[in-house]
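Colleague: Take a look at the following structure, please.
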Amino acid sequence: MNFQQIFGAAPATEASAPGRVNLLGEHTDYNDGFVLPTAIPQRTTVHLGFSRDGQHHFYSAELDQKVSVSEHDATPQGFGSYIFGCIQLLHQEGYTIPPVNLYVTSAVPIGSGLSSSAALEVATLRGLRKLLQLDIDDVRIAQLGQQAEIQYAGVNSGIMDQMASSLADTEHLLFLDTRTLERRVIPLPADTEIVILDSGVPRTLAGSGYNQRRTECEAAARLLGVQALRDVTDPQAVEGLPEPLRQRARHVVREDNRVLEVLQGVSAAYFGELMNASHASLRDDYEVSVPALDALVALLQSTSGVFGARLTGAGFGGACVALVTAGQGRAIAQEVLERYNNTGYSGRILVPAVT
Ligand code: GLA
C-alpha cells in the first residue's frame, strides 16, 4: 500500500535519513565524550501531506500499522511515539504544525543497533521542515530528535545517533565531541571498507540495562568530582571507585582516549586494534555484550582481511561492525556468516547491503 492508497491523495513532499553505525566511542556520548559514527546505506523515508480531519495519521509500511492521534492525546505506543514526539517538540519550539498524514517506509533494520529510531526522527523532522518551510538547521534537528527519544519514547539516550543520521554521510567518519558538538569529517583508513553483521539476537534498548549504565556513569562522575566522565583523561584516576562503577568508568575513559587516538591519524591495522580493544572493554568492563556478539566478533577477528571488529550500538544483542580490506567485504561477510550460522545462530549481512 502506498501513500495514495492509504490516505486517498498524493503526498505533498518527502524526506529521508540514514541509519548509522558507530566505529568507535561506545557509551561515551551520555558522558559528554567522543564518538566516531558513519551513515549506513539503508535509509528511512517519509512521505507527507496535510490531513483534512483534524487528526494526525501515521502509517508504517513495514509494520502495516496506522496510528491516528490529535495534538492533546496521550503519546501513542510504538513507531508513532517518535513521530508524535517530533511534532510535539516543534510545537514547544513555537512552530504551528497542522494535522499531517505521514507515511513511513524504512530499510534500516529495527532492533539491530543501527538507529532505526534516529533515522525515523530525523526523516520526520526533515519532512516537516520541508512541508512547512521551518527555519531549523541540521544540528537542531538532531537535538529535537534526541529529545523525542528521551521524552516520548522513554530512552535516556545521548546525541550520537541523531547527529550521525542528520550530519554524516556513508563515505566518511563523523568525529563528534558530544559536549561541544564540535565535529570533524575524517576519511576511513586507506583501502578499507565496513562490514556489518546482525547477530540475530534482538535487543530492546528501553528494556535493557542502558538507563542503568547511564546512572552508574553519573554516580562515578559525582564520586570523582567531575561534571562528566569525559573530564577524566587518566585511566588510573578511576581505580579507587567501588565496583561496578570502577569498571564502567574504566571503559568510558579508555574509550574516549581510543577515539582521540584516531584523530592523530592511524593505520588500518591500528584502527582495527582499537576496535578489538573496544569490544573487550564493552564485554568485560561495561558488560553490555552477550555470547552471540562475542562469538560473531571472535569469528570476524580471526578472519583474514579483517583489521578489527566489535559490537556496535548499545549492545545486549544487535549488530557487529568490522573494518576490512577494501573489496573483500562481501566475501568476508559471507564466510563469517556461514560459520556463525553453523553454530546455531540466525545472523544476516547488513552491510555491504544486498542490492
Ligand atoms: C544507543 C544510544 C546512543 C549511544 C549508544 C551507545 O545507540 O541511542 O546515544 O549511547 O547507544 O554508544
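The values are calculated or read from the model by the stated rules, or taken from the named source; none is laboratory data. Everything numeric here is computed off the predicted structure, so don't read it as measured data. Here Cβ is always computed from backbone atoms with ideal geometry, including for glycine, and neighbour counts include all displayed protein chains.
Colleague: If I go through the range 16-63 residue by residue, how many of them are within 15 Å of the ligand (Cβ to nearest atom), among the small types (Gly, Ala, Ser) and on the phi > 0 side of the Ramachandran plot?
Modeller: Total meeting the criteria: 1.
Colleague: Still on this structure, please answer the following. Looking at Ala119, Ala153 in this structure, which one is within 13 Å of the ligand (Cβ to nearest atom), within 27 Å of Ala353 (Cα to Cα) and not assigned by TED's automatic domain parsing to the domain that holds Leu300?
Modeller: It is Ala119.
Colleague: Select from the range 211-239 the residues that are within 15 Å of the ligand (Cβ to nearest atom) and of a type in the set (Lys, Arg) and write down the one among them that is surrounded by the most Cβ atoms within 10 Å (Cβ to Cβ).
Modeller: Arg213
Colleague: Among (1) over 23 Å from the mean Cα position of the chain (by Cα); (2) surrounded by fewer than 17 Cβ atoms within 10 Å (Cβ to Cβ); (3) aliphatic (A, V, I, L, M), there is one condition Val336 misses while meeting the rest; what is its number?
Modeller: (2)
Colleague: Okay, moving on. Exactly one of these conditions fails for Tyr270: (1) among the aromatic types (Phe, Trp, Tyr); (2) closer than 15 Å to Leu188 by Cβ; (3) within 20 Å of the chain's Cα centre (by Cα). Give me its number.
Modeller: (3) is the only condition that Tyr270 fails.
Colleague: From the residues in the range 159-173 that are of a type outside the set (A, V, I, L, M) and surrounded by fewer than 24 Cβ atoms within 10 Å (Cβ to Cβ), which one is farthest from the ligand (Cβ to nearest atom)?
Modeller: Filtering the range 159-173 for residues that are of a type outside the set (A, V, I, L, M) and surrounded by fewer than 24 Cβ atoms within 10 Å (Cβ to Cβ), the one farthest from the ligand (Cβ to nearest atom) comes out as Glu171.
Colleague: Additional query: When the residues of the range 94-116 are narrowed to those that are at positive phi and of a type outside the set (S, T, N, Q), which ends up farthest from the ligand (Cβ to nearest atom)?
Modeller: Only one residue fits best here, namely Gly94.
Colleague: Would you confirm whether any residue within the range 174-185 is surrounded by 17 or more Cβ atoms within 10 Å (Cβ to Cβ), over 30 Å from Gly94 (Cα atoms), away from the ligand (no atom under 13 Å from the Cβ) and not hydroxyl-bearing (Ser, Thr, Tyr)?
Modeller: yes
Colleague: Oh, and also: Mind counting the residues in the range 314-355 that are in a loop (DSSP other than H, G, I, E, B) and under 21 Å from Thr192 (Cα atoms)?
Modeller: Matching residues across the range 314-355 total 7.
Colleague: While we're here: Among the residues of the range 70-87, are any closer than 30 Å to Arg283 by Cα, among the β-branched types (Val, Ile, Thr) and either within 16 Å of the ligand (Cβ to nearest atom) or over 16 Å from the mean Cα position of the chain (by Cα) (or both)?
Modeller: No, the conditions are met nowhere in the range 70-87.
Colleague: List, please: which pairs have Cβ atoms under 6 Å, are six or more places apart or on different chains, and start with a residue in the range 65-81 that is surrounded by 14 or more Cβ atoms within 10 Å (Cβ to Cβ) and end with one that is β-branched (Val, Ile, Thr) and not in a loop (DSSP other than H, G, I, E, B)?
Modeller: Pro76/Val67; Pro76/Val69; Gly80/Val67
Colleague: Whether any residue in the range 129-139 is within 16 Å of the ligand (Cβ to nearest atom) and buried (at least 24 other Cβ atoms within 10 Å of the Cβ) is what I want to check.
Modeller: The answer is no, given that none of the residues of the range 129-139 is within 16 Å of the ligand (Cβ to nearest atom) and buried (at least 24 other Cβ atoms within 10 Å of the Cβ).
Colleague: Which of the following residues is over 20 Å from Ile6 (Cβ atoms), in contact (Cβ under 8 Å) with a residue 12 or more places away in the chain, buried (at least 21 other Cβ atoms within 10 Å of the Cβ) and over 17 Å from the mean Cα position of the chain (by Cα): Leu36, Leu90?
Modeller: Selected residue: Leu90, the only one of Leu36, Leu90 that is over 20 Å from Ile6 (Cβ atoms), in contact (Cβ under 8 Å) with a residue 12 or more places away in the chain, buried (at least 21 other Cβ atoms within 10 Å of the Cβ) and over 17 Å from the mean Cα position of the chain (by Cα).
Colleague: Would you confirm, using the coordinates I've provided, whether Arg310 is assigned by TED's automatic domain parsing to the domain that holds Ala268, of a type in the set (D, E, K, R) and within 16 Å of the ligand (Cβ to nearest atom)?
Modeller: Against the criterion (assigned by TED's automatic domain parsing to the domain that holds Ala268, of a type in the set (D, E, K, R) and within 16 Å of the ligand (Cβ to nearest atom)), Arg310 qualifies.
Colleague: Evaluate the following for Thr204: is it hydroxyl-bearing (Ser, Thr, Tyr), at pLDDT below 95 and away from the ligand (no atom under 11 Å from the Cβ)?
Modeller: The answer is yes for Thr204.
Colleague: Report the residue count in the range 132-147 for those that are closer than 17 Å to Glu182 by Cα, in contact with a Lys or Arg (Cβ under 9 Å, 6 or more places away or on another chain) and either acidic (Asp, Glu) or not assigned by TED's automatic domain parsing to the domain that holds Gln92 (or both).
Modeller: Total meeting the criteria: 1.
Colleague: If you check Leu197 against the conditions, is it surrounded by fewer than 21 Cβ atoms within 10 Å (Cβ to Cβ), of a type in the set (A, V, I, L, M, F, W, C) and either closer than 28 Å to Phe307 by Cα or touching a helix residue (DSSP H, G or I) at 6+ places or on another chain (Cβ under 7 Å) (or both)?
Modeller: No, not satisfied.
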